[in-house]
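Worksheet: one structure, shown below.
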Amino acid sequence: MSLYFVAAEASGDLLAREVIEAVRRRLPDTGMDGTGGSEMASIGIHSPIDISPLSVLGLFEGLKIYRKVIELADAVADDICLKNPSVVVLVDSWGFMLRVAQRVRARAPSIRLVKLIGPQVWATRPGRAETLAGTVDHLLCMHDIEAPFYEPFGLKVTVIGNPALARGEAGDGDAFRRAHGIRPDAPVILVLPGSRRSEVAGVAPILLDAAKQIKEQAPQIRVIVQPAASILEAFRTRFPDIETWADLHVDPSERYDAMAASTLALACSGTVTSEVAMQGTPMIVGYKTGWITWALARGFLYKKVHITLLNILNGDIEIVPEFVQTRLDADLVAAKALSWLDNPEELAAQRTRQKQALKALVHEGAPAAEIAAGAILEELAAVSGS
């Protein structure tokens, strides 16, 4: 009896690693294979397929590499069928994982398919619920609000909570400041430029420009830039002079410490925003995608006003300031950040607002990876009949 994990992007790769580790703690002899990235490789699951081309952003951008997506979906399905696991776990990345699932289902229907993190049916196309229910055997989703979408179609659903919150141990901001020679009272701006190459191209330059403007107006500010490991090489190539005016930190062991040490974060929208919120750090969120993708999303697909989970799950009200598409402008972001930095009471109020809003994201019970591991092992046991 064995498992096979598929992860196409950085956040999914990290979650896959955490769940694999949780499975091994419970059942150490479980056979394990997979396709993923550096996180899975760090625990001995080496990918036979390079899935890095999938680090794209947006519908139109994805269409530009559509042939590559199909080629990779075929390759992953081929490897799954060759290894013939009992259960396949497909982590996040809705479009790609759907294609993999459809191919495996057609060729090896006895293999059980588990989708780990579902599509945002509560925010975009609810019809995806029926599509997913007709393709996989079990969904492990983050939020209670998702389950009702699948009830009409009889898909087994387990709510695991938000993985980002489960892994968000309190960072040691004081230790980080001591280690990097930052005074206890010195203001620190943390820039989180994204985890995809397209975000390095479209979002990072504006957030960095904003941070540079802030530093020019307040030279005492320390700017820390913390790109995701998955795009570090692309980031260094695009911003070769970054360390002439900012501190570049890439040590994953300092990830939460840097967040906790920061006065304010400028973050590309994504999983990282929940992690920043867990550290109690006020933040400003930026995001930008291709115009065709944006027009389709706003016109036909996306049903919410906001894009940050903290905002969406609190009545779709802007608690965390968002600068999206035309509003993602370095001058606007810098002005908002400086208004907070010049007004400590306002900054403290933002910290309180985020802390209160965070309650909507918290799922009671065991950590997400542990709940997911338990559900996956139940599927494995069902296949073996034990």
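The values are calculated or read from the model by the stated rules, or taken from the named source; none is laboratory data. Model, not experiment: these values are computed from the prediction. Cβ placement follows ideal geometry from the backbone for every residue including glycine, while neighbour counts extend to all protein chains displayed.
Restricting attention to the range 209-223, report how many residues are in a loop (DSSP other than H, G, I, E, B), out of contact with any strand residue (DSSP E or B) (no Cβ under 7 Å at 6 or more places or on another chain) and in contact (Cβ under 8 Å) with a residue 60 or more places away in the chain. Step through it out loud before you land on a result.
We begin by selecting, within the range 209-223, every residue in a loop (DSSP other than H, G, I, E, B); these are 218-221.
Subsequent filtering for residues that are out of contact with any strand residue (DSSP E or B) (no Cβ under 7 Å at 6 or more places or on another chain) retains 218-220.
Adding the requirement that they be in contact (Cβ under 8 Å) with a residue 60 or more places away in the chain leaves 218.
Number of matching residues: 1.
Checking GLY286, GLY270, GLY280 one by one, the residue that is within 18 Å of the chain's Cα centre (by Cα) and assigned to a loop (DSSP other than H, G, I, E, B) is GLY270 and no other. ILE182 falls short of the stated requirement of being of a type in the set (Val, Ile, Thr) and under 23 Å from the mean Cα position of the chain (by Cα).
Looking at the range 224-241, can you tell me whether even one residue there is among the aliphatic types (A, V, I, L, M), over 19 Å from THR308 (Cβ atoms) and free of Cβ contacts under 8 Å to residues at least 24 places away in the same chain? It would help to see each step written out before you state the result.
Here is the first cut: in the range 224-241, the ones among the aliphatic types (A, V, I, L, M) are 224-225, 228-229, 231-232, 234.
Then drop every residue that is not over 19 Å from THR308 (Cβ atoms), which leaves 224-225, 229, 231-232, 234.
Going one step further and asking which of them are free of Cβ contacts under 8 Å to residues at least 24 places away in the same chain, we end up with 232.
Yes; the residues of the range 224-241 include at least one that is among the aliphatic types (A, V, I, L, M), over 19 Å from THR308 (Cβ atoms) and free of Cβ contacts under 8 Å to residues at least 24 places away in the same chain.
Checked against (1) among the charged types (D, E, K, R); (2) surrounded by fewer than 23 Cβ atoms within 10 Å (Cβ to Cβ); (3) part of a helix (DSSP H, G or I), GLU199 passes all but a single condition, namely (2). When each of GLU322, GLU379, GLU345 is tested for being buried (at least 19 other Cβ atoms within 10 Å of the Cβ), free of Cβ contacts under 8 Å to residues at least 60 places away in the same chain and more than 16 Å from GLY161 (Cβ to Cβ), the lone residue that passes is GLU322. Take VAL324 and tell me if it is of a type in the set (A, V, I, L, M) and in contact with a strand residue (DSSP E or B) (Cβ under 7 Å, 6 or more places away or on another chain). The answer is yes for VAL324. Of all residues in the range 132-158, those satisfying the criterion of being part of a helix (DSSP H, G or I) and surrounded by fewer than 17 Cβ atoms within 10 Å (Cβ to Cβ) are ASP144, ILE145, ALA147, PRO148, GLU151, PRO152, PHE153. Scanning the range 58-108 for residues that are of a type outside the set (Val, Ile, Thr), at pLDDT below 95 and outside any helix (DSSP H, G or I) gives GLY58, ASP92, SER93.
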